[in-house]
Every structure is written in structure tokens, then in C-alpha cells.
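The values are calculated or read from the model by the stated rules, or taken from the named source; none is laboratory data. Keep in mind it's a predicted model, so treat the numbers as computed, not measured. A quick note on method: Cβ atoms are made from the backbone with ideal geometry, for glycine too, and the neighbour counts reach across all protein chains shown.
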Amino acid sequence: MSYSLSLVGPYLDIAIVFALVLALAPSIGSFMGRVFMNRPTVGEGVFGPIERAIYRLLGVNPRHSMRVREYAVAFLLSNAVLILWIFFLLMFQNRFPWGATPGISPMAWDLALHSASSFSTNTDFVHFVTESQVTQGGLLLGLQVAMFLSAGAGLAILAAFIRGFVRKDGTIGNYFVDITRCVVRILTPLSILGAVVLVFLGLPETFATSATVHTLLGSTQSIPLGPVASWQSIMLIGSNGGGIFGANSAHPFENPSALSNLFEIGLMMVVPFSSPFAFASAVRRKGEALPFLGTILIVFFTAVALVIIGQIATNPDLSPIAALSQGSAYPVGQETRFTLPEGALFQTVSVYANVGANNMAIGALSPIGQMAMLFGMFTQSTPGGVGTGMGYLLTNALIAIFVGGLMVGRTPEYLGKKIGRQQIGWAASLLLVHPVLIFTPLVATLMGGFVPPLPTAVGASAHTFTSILYEFTSEAANNGSGMGSVYVNDATLWFNVVGAVVMLIGRFFPMIAMLMISHYFSVQSPLPPGPGTLKTQSFTFTIYLTLFLIILTALLFLPALALGPLTQIGGG
């Protein structure tokens with residue numbers, strides 16, 4: 001069975017979106033770099049008074065620059081407060097303002113723990129149906145607040161990471177200043193602009209929780225509503241992904257048309273694809289952006305192509321799974337309002353930019369498509385989430401430069417700073433903790449009997465294994481996308497508690513590692529480039545970094561792909 005593609009319209013749409021984003025990325029990135037380095041920006045007269053008011057409210061001295069321990073403590077404590085606030089808000093949501101939503105009860109402690117951990121860590125992986133289990137107070141006072149603060153924390157950590165390359169006094173900035181500037185100057189303006197455009201594209205924006213309509217059969221129906229446009233805007237811009245409706249971006253209120261679909265793709269791309277330029281602007285070396293952007297584009301476009309190719313043809317090895325039986329020429333799980341290329345691009349951008357929003361059923365993707373999605377979460381850096389994605393890519397670059405320097409007998413250094421044992425130790429631990437967080441709960445879940453026995457058919461067994469692998473991969477990567485309940489009901493005590501632990505460690509340990517790497521760089525005085533300095537502003541380094549990233553990821557995760565998606569391709 002085949003699928004007929006339009007060879008002009010959809011691909012032209014994709015090209016236009018990418019052209020616009022890449023055209024805007026240098027300017028937005030330059031602005032972000034100035035925000036990171038506390039340099040004056042456009043709108044200083046508007047942003048400055050707001051930030052000074054916040055500093056006075058928090059009792060923060062904006063001129064005080066922290067060392068790594070103080071910065072890390074401020075980061076962890078502020079996030080702990082956010083997690084506790086959302087946890088108690090969801091457990092007692094009916095007692096808070098906007099809490100009198102008919103039919104919605106307080107959350108159980110384990111679901112509240114998972115939800116608080118999820119939104120505070122920028123994961124937004126949901127084990128609940130939003131419109132029937134969260135009050136409007138829970139949405140506006142808790143989850144949406146976390147969307148701004150978690151994204152701001154990611155940008156703040158990136159700013160502190162970058163400062164290690166330009167400072168020599170051992171300080172890396174002030175966390176409260178960093179998160180305030182990132183939220184006030186980057187996330188809020190972009191979110192307001194995005195929400196306004198989304199309203200014009202047909203998304204509702206109201207404090208009404210529902211609307212009662214009369215059906216054609218003469219009965220009445222209650223349709224959930226809410227501040228959808230503003231929610232959707234920060235959800236996509238901030239790499240969040242938890243939809244205000246259970247169907248997420250496949251819901252017609254969140255994504256009503258092909259035009260809104262394309263605009264939302266652009267919203268997801270704007271900050272991650274601008275981050276290489278933000279880094280280059282912050283270190284005042286414009287050429288440093290291109291190798292990182294090149295690596296991102298090579299891996300990303302390969303993933304998009306694989307998803308589209310995988311969806312064109314059906315896979316007979318998955319025929320034992322009734323939910324995946326294809327009864328028409330249209331791929332199962334594909335939203336029919338969008339063409340296959342447009343739907344595939346949205347989903348690939350969402351996963352690779354660590355947003356996690358869904359406009360198609362990932363559980364119904366071809367094995368090739370699922371493998372492409374998993375690879376994006378394995379790397380977390382092509383382009384990765386807001387702030388952290390660039391941090392992961394920098395970490396991979398440091399290891400690549402270190403290995404390359406050792407192979408050719410050069411002193412490993414980057415931007416005039418030597419890459420030593422401490423930096424590589426933290427960088428390696430940052431990358432190695434990811435597979436540990438995925439495989440440990442995966443094995444415990446399968447061996448502990450927390451899911452039903454796997455089916456006997458090879459293709460079906462591999463698919464159900466992939467669904468469990470995807471669950472923990474998404475949580476460990478703070479991604480938030482899910483394969484759905486094709487096989488596993490994840491709203492259980494085991495998946496709630498274990499998932500919360502995976503998300504918390506998967507978020508905070510790598511960010512602390514980035515701060516430590518920055519610290520060890522920040523105490524060094526920069527050295528002038530010598531004859532042995534590796535030239536990173538080159539096409540050769542772009543290819544080297546790309547291959548290094550792919551090979552390193554394959555070494556860490558290929559066995560899991562062999563047991564899951566690759567077996568679905570060849571299993572019978």
C-alpha cells in the first residue's frame with residue numbers, strides 16, 4: 001500500500017519555514033548573547049525597570065557574581081521551591097483560585113509528584129488528561145508558571161556555561177539575574193508575540209473553562225476551553241510540550257490549520273536554532289556558530305527524511321498489532337489536516353528540539369520513524385531543548401576536541417582554554433548518566449513485572465519493548481513526547497514515582513555538570529592560539545563533530561535500538 005505525496009506544496013512550505021527561521025536566527029541569537037553577557041539590548045528602557053523591581057522583590061544584588069557552588073545552590077533551591085509549590089497545588093487544586101472546575105478532583109500524591117517533577121524540569125511528560133484532571137488554577141498558577149521558569153533556568157545555565165570561556169576570575173554570573181533576564185527579555189516577548197499571532201490563526205484565548213453548544217441531534221455538549229493561545233506559545237517556544245488538551249497539538253483548538261501548524265513549527269525552532277549564534281555572540285567569535293549549526297542541520301534533516309520515508313510504506317511485520325493496521329492509503333496516526341511532510345516535520349522538530357508536543361501518534365510511526373525520534377532524544381543536542389541543547393552540543397564538542405587533540409598530539413584547548421581532566425571527567429559523566437537513567441528503570445520494569453508479558457510475535461514484542469524504552473528515554477531526556485497507551489498504562493504508582501526520579505536526575509545532574517565545566521574554565525587565563533590549536537571554524541570540524549556525535553550516540557544506544565525499532569523492521 002502506498003501514499004501519494006504532493007511534490008510541490010508541502011516541501012515548499014517546509015523550505016519557507018526553514019528559510020525564515022535561519023534568516024532570523026543570527027539576529028535573535030545575537031540578542032540572546034547580549035542578554036547572557038549582561039550587555040545592553042534593544043528595549044532597555046522597558047526591560048530594565050521590570051528587572052530591577054524583581055531584584056528588589058527577591059532581595060538580589062544584580063552586581064554580585066557567584067562562584068559555582070553559590071550558583072548551583074541558588075539554582076537547586078529555587079527549583080526545589082517550584083517543585084514543592086506545584087506538588088501541593090495539584091494535590092489541593094480545588095482549594096486554590098480557579099479551582100472550582102466541575103468533575104475535577106485533587107490529584108493523588110504520586111501523580112502530583114510526577115506532574116510537578118515533569119513541568120519543573122522542562123519535561124512536561126503527562127500521565128493525566130489535562131482537561132479532565134487539572135483545574136484552571138492548576139494550569140495558570142502552577143504548570144504555566146513552571147513553563148516560563150524551567151525554560152528560563154535552561155537559558156540561565158547556558159549563559160553560565162558560556163561565561164566559563166570568557167572569564168578568568170572564577171565567577172560564572174548570578175543565577176537570579178540570569179533567569180530574570182532570560183524570562184523578561186527573551187521568553188516573555190517571544191511568547192506574547194507568538195500568542196497574538198496564534199489568536200489570529202484561530203486558537204481560542206479565554207478564561208472560560210468550557211462552552212456549551214447545541215448539537216445537530218438536539219442535545220447539548222460541553223467543549224473545554226481556556227487560554228489556549230498563550231499556553232501554546234510558551235509551550236512551544238520554551239521546549240515544554242504539555243498540551244492544554246489531552247490530544248496536544250493534534251487538537252483543532254491547539255493547531256487548527258496547516259498555516260498554524262507551520263507557524264508552530266517555527267516557534268519550536270526559533271530559540272534552539274538561534275542558540276549557536278547566541279554562543280558565538282557571547283564569546284565574540286561569529287564564526288563559532290557555523291560548525292554547531294551545521295552539525296544540527298545535518299542530523300536533523302537526516303531524521304526528517306527518515307521519518308517521511310518510513311511513513312510512505314506500511315510495515316507488514318507490525319500486522320499483529322491491531323491498533324497499527326492500516327486500512328487506507330493514509331498512514332495510521334497521521335493527522336489528516338496536515339500533509340505527511342508537514343506532520344513529519346512538526347513531530348521531528350518537536351522531538352529534536354526537546355519540546356515533546358505531538359501532532360501525530362508516535363506509537364503508530366514506522367520503526368524507522370521511531371528510531372529517528374529516539375536518536376534525537378539520545379543526542380539531546382540537535383538542536384536540543386532551550387539552553388540545555390546547546391550546552392549538550394558544547395559538551396560533545398569539548399570531548400571531540402579532546403579526543404582529536406590526543407590523536408594528533410596537540411594540546412586540547414578551545415577558545416584559549418585548556419581542556420583538562422576535570423572538564424572531561426564532568427563531560428563524560430554528563431553523557432554517561434543518560435543511558436544509565438534509561439536502561440536501569442527499563443530493566444527493572446521488565447524484570448519486576450510492572451508491565452504485562454511481552455507478546456509472542458517478534459514484531460509486536462519489539463514494538464511493545466520500544467514503547468517502554470521510549471517512555472524512559474523521553475523522561476531522561478526531559479523531552480515529554482510519548483508513544484501513547486498502545487501497550488502500557490503509565491499512570492501507575494511505579495511509572496509515576498520512577499518517572500519522577502528519572503526526570504529530576506536527568507535534568508539537574510547534567511546542568512550541575514555544565515556548571516562545573518564552566519567553573520574549571522573560568523579559573524584559567526586565556527591563551528593565545530598557537531600552531532597546534534585546532535581550527536574549529538571550518539567545514540572539516542563540522543563533519544568531524546557530526547560524525548563524532550553520531551558514533552558516540554550509536555556506541556551508547558545501538559543495542560537498545562537493535563532490540564526495539566530495528567527488530568520491528570526485520571522481525572516476523
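Specify the residue that is modelled with the highest pLDDT; the eligible residues are those in the range 454-463 that are surrounded by fewer than 24 Cβ atoms within 10 Å (Cβ to Cβ) and outside any loop (DSSP other than H, G, I, E, B). Let's see the steps before the verdict.
First, pick out the residues of the range 454-463 that are surrounded by fewer than 24 Cβ atoms within 10 Å (Cβ to Cβ): 454-461.
From what is left, the residues that are outside any loop (DSSP other than H, G, I, E, B) are 458-461.
Details: V458: 73, G459: 70, A460: 75, S461: 83.
Per the stated criteria, the residue is S461.
Kindly evaluate A280 against the criterion of being in contact with a Lys or Arg (Cβ under 7 Å, 6 or more places away or on another chain) and either surrounded by fewer than 24 Cβ atoms within 10 Å (Cβ to Cβ) or touching a residue at least 12 places away in the same chain (Cβ under 8 Å) (or both).
Numbers: in contact with a Lys or Arg (Cβ under 7 Å, 6 or more places away or on another chain): yes; either surrounded by fewer than 24 Cβ atoms within 10 Å (Cβ to Cβ) or touching a residue at least 12 places away in the same chain (Cβ under 8 Å) (or both): yes.
So A280 passes the test.
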Self-check item: Given (1) closer than 19 Å to T395 by Cα; (2) part of a helix (DSSP H, G or I); (3) of a type in the set (S, T, N, Q); (4) touching a Gly at 6+ places or on another chain (Cβ under 9 Å), number of the condition N478 does not satisfy
Solution: (2)
Quiz item: Just checking, which of T123, T135, T101 is of a type outside the set (G, A, S), within 16 Å of N240 (Cα to Cα) and touching a helix residue (DSSP H, G or I) at 6+ places or on another chain (Cβ under 9 Å)?
Solution: T123
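In the list G459, G480, which residue meets the criterion of being at positive phi and not assigned by TED's automatic domain parsing to the domain that holds L82?
Values: G459 fails: at positive phi.
Exactly one residue qualifies, and that residue is G480.
Out of all the residues in the range 416-433, which are among the hydrophobic types (A, V, I, L, M, F, W, C) and in a helix (DSSP H, G or I)? Give the steps one after another, and end with the answer.
If we filter the range 416-433 for residues that are among the hydrophobic types (A, V, I, L, M, F, W, C), which is where we start, we get 419, 424, 426-428, 430-433.
Across the range 416-433, the qualifying residues are I424, W426, A427, A428, L430, L431, L432, V433.
Checking the conditions here, which among P316, P331, P367 is closer than 29 Å to A457 by Cα, outside the structural domain of S467 (by TED's automatic domain parsing) and modelled with pLDDT of 85 or more? Even if it seems obvious, please write down each step before you answer.
Working: P316 fails: modelled with pLDDT of 85 or more; P331 fails: modelled with pLDDT of 85 or more.
Unique residue meeting the criteria: P367.
How about the range 84-117: which of its residues are surrounded by 20 or more Cβ atoms within 10 Å (Cβ to Cβ) and assigned to a helix (DSSP H, G or I)? Step through it out loud before you land on a result.
Within the range 84-117, the first condition is being surrounded by 20 or more Cβ atoms within 10 Å (Cβ to Cβ), and the residues that meet it are 86-87, 89-90, 93, 101, 107, 111-117.
Once the filter is applied, which keeps residues that are surrounded by 20 or more Cβ atoms within 10 Å (Cβ to Cβ) and assigned to a helix (DSSP H, G or I), the range 84-117 yields I86, F87, L89, L90, Q93, L111, A112, L113, H114, S115, A116, S117.
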Quiz item: Quick check: anything in the range 434-452 in contact with a Ser or Thr (Cβ under 7 Å, 6 or more places away or on another chain), crowded, with 21+ Cβ neighbours inside 10 Å and modelled with pLDDT of 95 or more?
Solution: yes
Self-check item: Matching helices (runs of 4 or more DSSP H) fully within the range 490-572 where at least 1 residues are over 29 Å from A460 (Cβ atoms)
Solution: 493-522, 539-563
Quiz item: Taking the range 9-42 as the search range and keeping residues that are of a type in the set (D, E, K, R) and in a helix (DSSP H, G or I), which one is farthest from A156 (Cα to Cα)?
Solution: D13
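Evaluate the range 382-390: report whether one residue or more is more than 27 Å from N261 (Cβ to Cβ), assigned by TED's automatic domain parsing to the domain that holds W494 and in contact (Cβ under 8 Å) with a residue 60 or more places away in the chain. I'd like the intermediate steps shown before the answer.
Of the residues in the range 382-390, the ones more than 27 Å from N261 (Cβ to Cβ) are none.
No: zero hits.
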Practice problem: Please work out which one of (1) among the charged types (D, E, K, R); (2) in contact with a helix residue (DSSP H, G or I) (Cβ under 6 Å, 6 or more places away or on another chain); (3) surrounded by fewer than 18 Cβ atoms within 10 Å (Cβ to Cβ) is the condition K417 fails and give its number. | Solution: (3)
Self-check item: Criterion (outside any helix (DSSP H, G or I), small (G, A, S) and under 17 Å from V299 (Cα atoms)) met by exactly one of S381, S350
Solution: S381
Quiz prompt | Of all residues in the range 118-130 being polar (S, T, N, Q) and out of contact with any Ser or Thr (no Cβ under 8 Å at 6 or more places or on another chain), the one that is surrounded by the most Cβ atoms within 10 Å (Cβ to Cβ) | solution = S118
Quiz item: Could you count how many residues in the range 43-59 are more than 16 Å from V183 (Cα to Cα) and either in a loop (DSSP other than H, G, I, E, B) or among the hydroxyl-bearing types (S, T, Y) (or both)?
Solution: 1
Quiz item: Within the range 477-485, can one find any residue that is at pLDDT 95 or above, closer than 19 Å to V502 by Cα and of a type outside the set (S, T, N, Q)?
Solution: yes
Practice problem: Output the number of the condition that A323 fails; it satisfies all remaining conditions of (1) at pLDDT 80 or above; (2) surrounded by fewer than 23 Cβ atoms within 10 Å (Cβ to Cβ). | Solution: (1)
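For (1) surrounded by fewer than 24 Cβ atoms within 10 Å (Cβ to Cβ); (2) closer than 19 Å to L556 by Cβ; (3) in contact (Cβ under 8 Å) with a residue 24 or more places away in the chain; (4) small (G, A, S), each residue gets a yes or a no:
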{"site": "A353", "(1), (2), (3), (4)": "no, no, yes, yes"}
{"site": "G356", "(1), (2), (3), (4)": "no, no, yes, yes"}
{"site": "Y392", "(1), (2), (3), (4)": "no, yes, yes, no"}
{"site": "M407", "(1), (2), (3), (4)": "yes, no, no, no"}
{"site": "E413", "(1), (2), (3), (4)": "yes, no, yes, no"}
Practice problem: For the range 60-69, name all the residues that are in a helix (DSSP H, G or I) and touching a residue at least 40 places away in the same chain (Cβ under 8 Å). | Solution: V68
Exercise. Take the range 407-452 and flag every residue that is β-branched (V, I, T) and within 25 Å of the chain's Cα centre (by Cα).
Key: I424, V433, V436, I438, T440, V443, T445
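Here are L293, L203, L225: which of them is within 26 Å of T123 (Cβ to Cβ) and out of contact with any helix residue (DSSP H, G or I) (no Cβ under 8 Å at 6 or more places or on another chain)?
Working: L293 fails: out of contact with any helix residue (DSSP H, G or I) (no Cβ under 8 Å at 6 or more places or on another chain); L203 fails: out of contact with any helix residue (DSSP H, G or I) (no Cβ under 8 Å at 6 or more places or on another chain).
Just one listed residue meets the conditions, L225.
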Practice problem: From V436, V443, V403, grab the single residue that is touching a residue at least 40 places away in the same chain (Cβ under 8 Å), assigned by TED's automatic domain parsing to the domain that holds A491 and assigned to a helix (DSSP H, G or I). | Solution: V403
Exercise. Go through the range 158-214 residue by residue and tally those that are of a type in the set (G, A, S), part of a loop (DSSP other than H, G, I, E, B) and surrounded by fewer than 18 Cβ atoms within 10 Å (Cβ to Cβ).
Key: 3
Quiz item: Of the numbered conditions (1) assigned to a helix (DSSP H, G or I); (2) closer than 21 Å to L394 by Cα, A74 satisfies every one except a single condition; which is it?
Solution: (2)
